Amino acid sequence: MDMELIRSLQGWGYVAMIFGLTIGFYAYIYHLYKSQRDGTKDYEKYSNMALNDDLSDSLVEEKYPQDNKKDNEER
């Protein structure tokens, strides 16, 4: 393989990688938007974690015993 072919393959590989990462990034943004819109997760609560990081501050999400029981059954 000559250098020109290797450089051409590197260029096309770079373009394919950038295209794939862009698609993945926009899919992740859409997932975050959709879960916020459906009410599955409220990401605005998580944005305050940096400001409210003292031990005496309230939890972001409460963990209830029935949720813990369900998590243990899945394992």
| task | Quote to one decimal, in nm, the extra length available between LEU9 and THR40 on full extension: 0.36 nm per residue of separation minus the C-alpha distance between them. | result | 6.9 nm
| query | Where nothing but the Cβ of Lys and Arg (+1) and of Asp and Glu (-1) is charged, how large is the charge dipole of the chain around its Cα centre, in debye to the nearest 20? | reply | 300
| query | With θ set to phi - 60° and the Karplus curve 6.51 cos²θ - 1.76 cosθ + 1.60, what are the ³J(HN,Hα) couplings of the stretch 34-46 in order, to the nearest whole Hz, using x for Gly and Pro? | reply | 5, 5, 5, 5, 6, x, 5, 9, 10, 6, 5, 5, 6
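Viscosity 0.692 mPa s, temperature 37 °C: what is the translational diffusion coefficient of the stretch 1-59 from Stokes-Einstein with a Kirkwood Rh over Cα pairs, rounded to a whole number of µm²/s?
215
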| Which of LEU21, LEU59, GLY39 sits farthest toward the positive end of the charge dipole of the chain, with +1 on the Cβ of Lys and Arg and -1 on the Cβ of Asp and Glu? | LEU21
| task | Rounded to whole Hz and in sequence order, give me ³J(HN,Hα) for the stretch 51-61 from the Karplus expression 6.51 cos²θ - 1.76 cosθ + 1.60, θ = phi - 60°, writing x for Gly and Pro. | result | 7, 10, 10, 7, 5, 8, 6, 6, 6, 6, 10
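Rule-based calculations on the coordinates, nothing more; no lab input. Computed from a prediction, not measured in an experiment: that's the story for all the values here. A quick note on method: Cβ atoms are made from the backbone with ideal geometry, for glycine too, and the neighbour counts reach across all protein chains shown.
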